[in-house]
Amino acid sequence: MSELVARTGRHLQRYKDGCRLVAGCIPFKISKNSDGTLDNDVVELLMINSTSGRGLLFPKGGWENDETVEEAAKREALEEAGVRGNLVHFLGDYIFKSKTLQDIFCPDGLCKAAMFALLVTEELESWPEQNTRQRSWLTVPKAKECCQYPWMQESLEGFSKWHADQILCNSKEENPLIFPDSTPVQN
């Protein structure tokens, strides 16, 4: 059992313009070559099962009043997927309608999700939602097949474009860094 505890409830939830504010990420890792060096061309993405049992998704959840959007995204990755890492790029804001989470502040169930690329540095053996979540490491093409929500597909497309740009930039440098733009955009 995990010593970490997932946050629950809505008493600290942020809302803006009739939308529930959500933070999430696309956790990823770079594959290694047979000699142990990193292969920037091969990336694996971490997806988790939906608690409603339908398909796979990226970790995301409510952005609360006592944290930054970056802290919320990292917390959701830890709680739902059991990973820690570095947010290396802000992918954008994505609007979607929740099928289950309407409330007084957002009666239409609209959500605005701030999504980030999270370079995974640690995969925990136990985490808060391990009893209800299963992790799956997938290639980008396989993740695209499994991504059931249009807004997540859009964020995955943004990740793919950003990653391709990183490979292109790194191939032009004499001493390439894996991901040089490590400061996310503040919301």
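Taken together, the values in this text are just the output of simple stated rules run on the coordinates, not laboratory data. All values reported here derive from a predicted model rather than from experimental measurement. Because the Cβ atoms are built from the backbone with ideal geometry, glycine has one as well, and the counts that use them run over all protein chains shown.
For the reader, a short list of remarks on this structure follows.
- Efficiency of FRET between I30 and S50 - r from beta-carbon atoms, R0 25 angstrom, step 0.05: 0.40
- Cut-off under 5 Å, modelled amide H: who pairs with L91 long-range: M115, F116, A117
- Volume of the Cα convex hull of segment 15-174, divided per residue and given in Å³: 125
- Projecting label points 7 angstrom from Cα along Cα→Cβ for L38 and S126 puts them 3.1 nm apart.
- Rg/Rg_globular for segment 10-61, with Rg_globular taken as 2.2 N^0.38 Å and Rg from C-alpha atoms: 1.70
- For G55, the residues whose modelled amide H falls within less than 5 Å of its own, excluding neighbours fewer than 5 places apart on the same chain, are S50.
- Distant-in-sequence amide H partners of Y149 (H built 1.01 Å from N, under 5 Å): none
- Averaging over all projection directions, the Cα-based convex hull of segment 113-158 occupies 4.2 nm² in the image plane.
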